[in-house]
Amino acid sequence: MAVSEDIDAAATAAHGLISGAATLDALKAAEPEILGKKSALGQFKRALGGLEPDERRVVGQHLNAVRETVSEALDDRRAELAAGERRAQFEEERMDLTEVPTDPGLGHLHLVTQTVQRLEDVFVGMGFTVSEGPEVETDWYNFEALNLPKWHPARSMWDTLYLNLDQGDNVLLRTHTSPVQVRVMQEQAPPIYTICPGKVFRRDTADASHLPAFHQIEGLVVDEGITFGDLAGTLDEFTSAYFGGAIKSRLRPSFFPFTEPSAEFDINCVICEGSGCQTCQRTGWIELGGCGMVHPNVLSNVGIDPERYTGFAFGFGIDRLALMRHGIDDLRDMFTNDVRFLTQF
Ligand code: FA5
């Protein structure tokens, strides 16, 4: 039948267009010519109306079968080209993750860690050991054992963060490193010469000289015959070992419930070395921390005989110490983790 042969010839041409399209775009551009209304196969469809009913049925069936084959071939080719183009794209965008940068820019210890290590070196050189304690404490270690019963007004010196563990106000984030001295005294009989560095927490709003989480270092000595003179000498020795011989320390009367007598200790301003400048408000001195002779009640609380032993303790802020030593304006700069700042130290 002549019409059927023409249809087959048109189908062959259509398959030729399909397999000849090398890209998805080319295939899309050829689609009107393959199965579109104006394509040969499209025109046969329109011409069916002019045939006799019998012939129309036969030719119609043949045309439908052919169009279906062409349509399937078109779909297959489209999928094949799409997969090929995706593969090519992946290949082009593939990243070589084994690539090693020529300058990996090795990091270094954080300024606070460096400061802790330097402090430890100085005190270990003076014969102290290093002790650690938990950051989550009970009220007893953080306050009661340190001669701060629940009703003591001096508790307000430490704005405390309590943990909600259904235990009332019993579990808290330690507000200072002083609870570590209690733990050391419980575990170890005198003589004790130790320092306790660590992280502490307070409900303080962050500003240039305050952080809600900061670092302290505690010093504790308990032995026979320890006097206030030993405390002053140790702090002075530490000051020149850490800051250099030009910087001296001094003690001013103060109050802490766990030491009696108590003092604040100041050092010569590290910026002007004592001559007076803006940083030290022209006094030549900067406050570093608190200290004093361990209160007899604290010794009794941990089972050490205060008639036989005496001791001293001191505690100061490590972050503020690093700030002073390096002339940093704002404590917060140390923890916003801007590498441009951190790589300076
Ligand atoms: C104490 O915490 C006492 N435990 C110190 C002590 C130990 C006294 C042993 C006597 C014997 P104070 O609350 O003053 O004391 O804190 C000590 C130091 O921590 C301060 O001098 C300061 O350097 C630092 N500090 C306090 N609050 C902050 C804060 N929010 N951010 C950064 N540093 C702080």
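So how many residues does the range 291-320 have that are open to solvent by 40 Å² or more (accessible area, probe 1.4 Å) and acidic (Asp, Glu)? Talk me through it step by step, then tell me what you get.
Of the range 291-320, the ones open to solvent by 40 Å² or more (accessible area, probe 1.4 Å) are 296-297, 300-301, 303, 305-308, 310, 320.
Checking which are acidic (Asp, Glu) leaves us with 305, 307.
Final tally of qualifying residues: 2.
Looking at LEU288, LEU323, can you tell me which residue is in the same structural domain as SER131 (by TED's automatic domain parsing) and either open to solvent by 20 Å² or more (accessible area, probe 1.4 Å) or away from the ligand (no atom under 16 Å from the Cβ) (or both)?
Values: LEU288 fails: either open to solvent by 20 Å² or more (accessible area, probe 1.4 Å) or away from the ligand (no atom under 16 Å from the Cβ) (or both).
LEU323 is the lone residue from the list that is in the same structural domain as SER131 (by TED's automatic domain parsing) and either open to solvent by 20 Å² or more (accessible area, probe 1.4 Å) or away from the ligand (no atom under 16 Å from the Cβ) (or both).
Of the conditions (1) of a type in the set (Asp, Glu); (2) farther than 28 Å from CYS269 by Cβ; (3) modelled with pLDDT under 95, ASP223 fails just one. Which one is it?
(3)
Of all residues in the range 108-124, which are open to solvent by 70 Å² or more (accessible area, probe 1.4 Å) and under 26 Å from the mean Cα position of the chain (by Cα)?
In the first step, residues of the range 108-124 are kept if they are open to solvent by 70 Å² or more (accessible area, probe 1.4 Å); the result is 108-109, 117-118, 121, 124.
Hits for the range 108-124 are HIS108, LEU109, GLN117, ARG118.
Would you pick out the residues in the range 290-342 that are modelled with pLDDT under 95, under 24 Å from GLY244 (Cα atoms) and not hydrophobic (A, V, I, L, M, F, W, C)?
Scanning the range 290-342 gives GLY317, ASP319, ARG320, ARG325, HIS326, GLY327, ASP329, ASP330.
Residues of the range 230-260 being open to solvent by less than 50 Å² (accessible area, probe 1.4 Å) and of a type outside the set (A, V, I, L, M, F, W, C), which ones? Outline the logic, then answer.
Just the residues of the range 230-260 that are open to solvent by less than 50 Å² (accessible area, probe 1.4 Å), to begin with: 231-235, 238-240, 242-244, 247, 249, 254, 256-259.
Matches in the range 230-260: GLY233, THR234, THR239, SER240, TYR242, GLY244, SER249, SER254, PRO257, THR259.
Among the residues of the range 230-258, write down those that are assigned to a helix (DSSP H, G or I) and out of contact with any helix residue (DSSP H, G or I) (no Cβ under 8 Å at 6 or more places or on another chain). Give the derivation first.
Of all residues in the range 230-258, those assigned to a helix (DSSP H, G or I) come to 230-243.
Correct list: ASP230, LEU231, ALA232, GLY233, THR234, LEU235, ASP236, GLU237, THR239, SER240.
With the requirement that a residue be touching a residue at least 60 places away in the same chain (Cβ under 8 Å), open to solvent by 10 Å² or more (accessible area, probe 1.4 Å) and either farther than 17 Å from VAL116 by Cβ or of a type in the set (Lys, Arg) (or both), what does the range 202-229 give you?
Of everything in the range 202-229, those that are touching a residue at least 60 places away in the same chain (Cβ under 8 Å), open to solvent by 10 Å² or more (accessible area, probe 1.4 Å) and either farther than 17 Å from VAL116 by Cβ or of a type in the set (Lys, Arg) (or both) turn out to be ALA206, ASP207, ALA208, SER209, HIS210, ASP223, GLU224, GLY225, ILE226, THR227, PHE228.
Taking the stated definitions as given, is GLU132 open to solvent by 50 Å² or more (accessible area, probe 1.4 Å) and touching a Pro at 6+ places or on another chain (Cβ under 9 Å)? Give the steps one after another, and end with the answer.
Numbers: open to solvent by 50 Å² or more (accessible area, probe 1.4 Å): yes; touching a Pro at 6+ places or on another chain (Cβ under 9 Å): yes.
Yes, satisfied.
Of all the residues that make up the range 287-329, how many are within 24 Å of PHE345 (Cβ to Cβ), in a helix (DSSP H, G or I) and not acidic (Asp, Glu)?
Summing the residues that are within 24 Å of PHE345 (Cβ to Cβ), in a helix (DSSP H, G or I) and not acidic (Asp, Glu) in the range 287-329 gives 8.
Can you tell me how many residues in the range 34-65 are part of a helix (DSSP H, G or I) and either touching a Leu at 6+ places or on another chain (Cβ under 6 Å) or open to solvent by less than 20 Å² (accessible area, probe 1.4 Å) (or both)? Spell out the reasoning first.
Kept after step one, since they are part of a helix (DSSP H, G or I), are these residues of the range 34-65: 34, 40-50, 53-65.
Add one more test, that the residue is either touching a Leu at 6+ places or on another chain (Cβ under 6 Å) or open to solvent by less than 20 Å² (accessible area, probe 1.4 Å) (or both), and what stays is 34, 41-42, 44, 56, 59-60, 63.
Number satisfying all stated conditions: 8.
Only one of (1) acidic (Asp, Glu); (2) in a loop (DSSP other than H, G, I, E, B); (3) assigned by TED's automatic domain parsing to the domain that holds ALA10 fails for GLU99. Which number is that?
Single failed check for GLU99: (3).
Filter the range 174-192 for residues that are touching a helix residue (DSSP H, G or I) at 6+ places or on another chain (Cβ under 9 Å) and open to solvent by 40 Å² or more (accessible area, probe 1.4 Å); which is nearest to the ligand (Cβ to nearest atom)?
ARG183
The values are calculated or read from the model by the stated rules, or taken from the named source; none is laboratory data. Keep in mind that what you see is a predicted model, and the values were worked out from it rather than measured. Neighbour counts are summed over all protein chains in view; Cβ atoms, including those assigned to glycine, are modelled from backbone coordinates with ideal geometry. For accessibility, only protein heavy atoms count, side chains too; no ligands or nucleic acids. Shrake-Rupley method; radii C 1.70, N 1.55, O 1.52, S 1.80 Å.
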